[in-house]
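Readers should treat all values here as calculations from the given coordinates under stated rules, not as data from a laboratory. Just so you know, these numbers come straight off a predicted model, no measurement behind them. Note that we place each Cβ from the backbone using ideal geometry, even for glycine, and neighbour counts take in every protein chain shown.
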Amino acid sequence: MQDIVVFGGSGFIGTQVVARLSAAGCRVLVPTRRRERAKHLLPLPTVDLVQIDTFDSATLRRLVHGRDAVVNLVGILHGRRGRPYGADFARAHVRLPQKLAEACAATGVRRFVHMSALGADSHGPSMYLRSKGDGEAAVRAEEAGLRWTILRPSVVFGEDDDFLNLFARLQRHVPVVLLGAASQRFAPVYVGDLAQAVVSSLIGPRAPATLGRIYELGGPQVFTLRELVHKAGVWAGVNQGRGRPVLGLPHPLAVALATLLEFAPGGPLMSRDNLDSMRVASVPDGKLAGFAPELGVAHPASAEALAPAWLRHLGPQAEYSALRSHAGR
């Protein structure tokens, strides 16, 4: 695998994947709708950017023709409401994987790695999970010899994440954190480990073992949402290292709060659909760490070991950077 197209390559997970593929000597093409948001990849010596309409079938076929593999990392957390999901989720999570699988089949590209999510289910409790489930189904339904691998991670953490950083910043400004689904469980996955799993699926010595497999991926520790939010404040040194109190809300109040947060300036901080997603535990079935040997991650990293190193330096400049990123600048 020397020539790979990575959709979603400029995002939080994609940046790590592209950097590792480039370091391994692969040529990587990153399609993007806004070249400005992918310019941080330009210093990588084997990476090319192309600005395209991601959903044009003819363009997709031209892009993937002659490549060794395609990786799809595109995903959104928020979208318009609908049944079984709104147009935004349908476009990003269902239509795009379907079009990519069709383009691969039509041009003879056999290898396809698709990023899904723990809890993905066409009959799941949220639009997010239902659309992720239908996206998986679209990839698996494509015949013509497509050799796919599907990764289902729990919540992903890392220095530039929108999860631990969000709750750490929040605790610098509020005396108490109000939280829905506070008792739901998560097994946070380090972004570097997830990126390594993608790379190992393509170019690792045991990559053939990943063909036709669905992997549920979690980190080595399981936390309730309440624990994670509180620890984010502790790790960031908020309130002299004690963090803020976290108050779990009854479901009706949680829905009311999520409804308000959907209209937060700059985009939703939380939505009713996020709350629906948290009706399902984000923990791999049967074990804490879901990394099989062929994925090349012998010792998955824990949030407790890594997150304090960057959260304790989370100051005003980091907050401004986060706001600029959220605004697309």
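Summing +1 for each Lys or Arg and -1 for each Asp or Glu, what net charge is found among the other residues whose Cβ lies under 13 Å from the Cβ of D68?
Details: positive: R27, R67, R110, R111, R147; negative: D3.
Residues near D68 contribute +4 overall.
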*How big is segment 15-141 on each of its three principal axes, counting only the C-alpha atoms and giving the largest first in Å?*
43, 30, 25
*5 Å-binned pair-distance histogram of segment 131-230 (Cα, whole percent)*: 2, 11, 16, 18, 17, 13, 9, 7, 4, 2, 0, 0
*Got a sec? Which residues in segment 5-30 would a label at E36 touch, if it sits 7 Å along Cα→Cβ and we count backbone N under 19 Å?*
9-12
_Under a crude label model (7 Å from the Cα following the beta-carbon direction), how far is F263 from T107 in nanometres?_
4.4 nm
*For K99, which aspartates and glutamates qualify as cross-link partners when the Cα separation must be under 12 Å and same-chain residues fewer than eight apart are set aside?*
D56, E142
*What does the charge add up to near P245, with Lys and Arg as +1, Asp and Glu as -1, over the other residues with Cβ less than 15 Å from its Cβ?*
+4
*Just the Cα atoms of the chain, one point each, no solvent: what log10 I(q)/I(0) does Debye give at q = 0.10, 0.12, 0.13 Å⁻¹?*
-0.57, -0.84, -0.99
*What spacing in nm lies between the two simple spin-label points modelled at R279 and A309, each 7 Å away from Cα in the Cβ direction?*
3.9 nm
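Report the chymotrypsin sites (Phe, Trp or Tyr not before Pro) located in segment 180-288 that are in a DSSP loop and have at most 15 other Cβ atoms inside 10 Å of their Cβ, or state none.
Numbers: sites: F186, Y190, Y215, F223, W235, F263; in loops: F263.
Those satisfying the criteria are F263.
Would you mind counting up the charge near L225? Only other residues with Cβ under 13 Å from its Cβ, with Lys and Arg at +1 and Asp and Glu at -1.
+3
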*asked:* If you average the C-alpha positions of segment 91-139 and of segment 230-289 separately, how far apart do those two centres end up, in angstrom?
replied: 26 Å
*Top mean-square fluctuation among V28, V174, V71, Gaussian network model of the chain, C-alpha springs under 10 Å?*
V174
*asked:* Cut-off 10 angstrom, C-alpha nodes, Gaussian network model of the chain. Which of Q240, Q196, Q184 fluctuates the most?
replied: Q240
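List the GluC sites (Glu not before Pro) within segment 130-185 that DSSP assigns to loop and that have no more than 15 neighbouring Cβ atoms inside 10 Å.
Numbers: sites: E136, E142, E143, E159; in loops: E142, E143, E159.
Those that pass, being in a loop and sparsely packed, are E143.
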